[in-house]
Amino acid sequence: MNRRHFLDHLAGIAAFGASAFTLGGAMQAAAADLKRRNKSAILLWMSGGPPTIDLWDMKPGAATGGPLTPISTTGDLQICERLPMIADQMKHLSVVRSMSTREADHTRASYYLRTGFVPNPSVRHPSYGAVVAEQMARLDEGFDLPAFVSVGGRSEGPGFLGMAYAPFQVNSNGRVRNVGQPMDAGRLGPRMDLLNTIESRFIRQGRGQAAAEHAKVLTRANRLMTSSQMASFNVSQESEAVRERYGQTGFGNGCLMARRLVEAGVSFVEVNMGGWDLHNDCFGALDNKLPEMDRAMSALVEDLSERGLLEDTVVLWMGEFGRTPSINSNGGRDHYARAWSAVVGGGGLSGGLAIGETSDDGSQVVSAPHSSEDLMATICRALGIDLSTEHTATNGRPMKIAGGGTPIAELFA
């Protein structure tokens, strides 16, 4: 069995594709003290860049304000009238209204907001999920789930941390592709034994790490296929009342799955809600999108709180940037990174606050601005991750977690 034959065999049998490496290594992270705490984070990713001036930092009466009006909340701030259920949960959440970032292209900004680093052709940086997985993934002998799960869309990858920390991607209905017994146990067992014999011989011949790594992945994959913990992905096990509370939509199911996964011990879950690139008919689109977001996000926060999980689970809502204060000729808003908002809560962070301030027309931050690096540093600190931790990138350079950002002090008061 030559090397080319083996690599062809490896490619053919790896049922999980790239995300399978999460199963092979994501439970081998260091920092045992973090792993004992069972803290988690949920990123609600608004792909396309939502108009935060219409949601969290409204400008009623200004020419840039649009037709929607603000309402009071259970916190010390107002938000959009189309988010009444989230308004009831704002005592747990704070809005960072002073986000000011440097990228207004979708691809570059998505990378920057998810990693804390501006794109660089010489190095790929790890995303939030990969960093949290590397620092906090559980090592329990009986824990079979991946550490980093991406629901309903692709996430940014593991960068120089390696494929062991890649996101395990699932769709919002809880179905995981290629997971499940392909045949009865009576046939599968002997086949796995035969494959193990072949691979063990190849490993003993000292032909590199590919065979050994594949054997680990296959073992983890087999454990996952047969694990009762796979039920955590199955939102249909929840009562009809619970599913209706979240809303039986893609985003609603994703938020419910996120709660089930962190409850089971998964370190990081990203839930994608797309369709926010609102260059045309912004307010018509918001009429459809905001009720879905309101129902699902409020249910998630309320559910985490009632189950005693919110104190140990950080929730972050954001897109890659905001949108222009000015409304264009098509009734839409365009890309805008200079002044926008993100929402954070849980994990011991202060709730009910508006952090920072923008000008009366929303065109610029007039308080201390906060960057992607600052936001990521805030989340990592809330999880107990040491911000002085350094990794060595593939180009040999030391890289600090969160690009050396500074945590937002008001959220830790």
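The values are calculated or read from the model by the stated rules, or taken from the named source; none is laboratory data. Remember, it's a predicted structure, so these values are computed and weren't measured experimentally. No Cβ is skipped: glycine too gets one built from the backbone with ideal geometry, and neighbour counts run over all protein chains shown. Only protein heavy atoms, including side chains, enter the accessible area calculation; ligands, DNA and RNA are left aside. Shrake-Rupley method; radii C 1.70, N 1.55, O 1.52, S 1.80 Å.
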Is it the case that segment 249-270 has a residue that's within 15 Å of T52 (Cα to Cα), among the aliphatic types (A, V, I, L, M) and at pLDDT 95 or above? no
If I filter segment 116-134 for residues that are within 26 Å of F283 (Cβ to Cβ) and buried (at least 24 other Cβ atoms within 10 Å of the Cβ), do I get at least one hit? no
Just to be sure, is S341 in a strand (DSSP E or B) and hydroxyl-bearing (S, T, Y)? yes
Per the filter on segment 362-376, residues touching a Ser or Thr at 6+ places or on another chain (Cβ under 6 Å) and part of a helix (DSSP H, G or I) are S372, D374
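Yes/no per residue for (1) in a loop (DSSP other than H, G, I, E, B); (2) among the β-branched types (V, I, T); (3) modelled with pLDDT of 90 or more:
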{"residue": "V131", "(1), (2), (3)": "no, yes, yes"}
{"residue": "Q135", "(1), (2), (3)": "no, no, yes"}
{"residue": "L145", "(1), (2), (3)": "yes, no, no"}
{"residue": "S155", "(1), (2), (3)": "yes, no, yes"}
Against the conditions (1) open to solvent by 10 Å² or more (accessible area, probe 1.4 Å); (2) under 28 Å from Y246 (Cα atoms); (3) in contact with a helix residue (DSSP H, G or I) (Cβ under 8 Å, 6 or more places away or on another chain); (4) modelled with pLDDT of 95 or more, where does L83 fall short? Just the number, please. (1)
Within segment 210-247, how many residues are closer than 18 Å to L261 by Cα, exposed (fewer than 14 other Cβ atoms within 10 Å of the Cβ) and modelled with pLDDT of 85 or more? 3
Yes or no: L93 under 20 Å from the mean Cα position of the chain (by Cα) and either surrounded by 17 or more Cβ atoms within 10 Å (Cβ to Cβ) or within 17 Å of G332 (Cβ to Cβ) (or both)? yes
Residues located in segment 355-413, provided they are under 20 Å from F268 (Cα atoms), open to solvent by 30 Å² or more (accessible area, probe 1.4 Å) and of a type in the set (S, T, Y): T389
For segment 279-323, the count of residues that are in a helix (DSSP H, G or I), open to solvent by 40 Å² or more (accessible area, probe 1.4 Å) and either within 25 Å of R108 (Cβ to Cβ) or of a type in the set (D, E, K, R) (or both) equals 7
Would you check which residues across segment 36-80 are in contact with a His (Cβ under 9 Å, 6 or more places away or on another chain) and open to solvent by less than 10 Å² (accessible area, probe 1.4 Å) and list them? G48, G49
For A18, the lone unmet condition from (1) modelled with pLDDT of 95 or more; (2) surrounded by fewer than 19 Cβ atoms within 10 Å (Cβ to Cβ); (3) among the small types (G, A, S) is (1)
Return the total of residues in segment 101-129 being in a helix (DSSP H, G or I) and closer than 26 Å to A368 by Cβ. 9
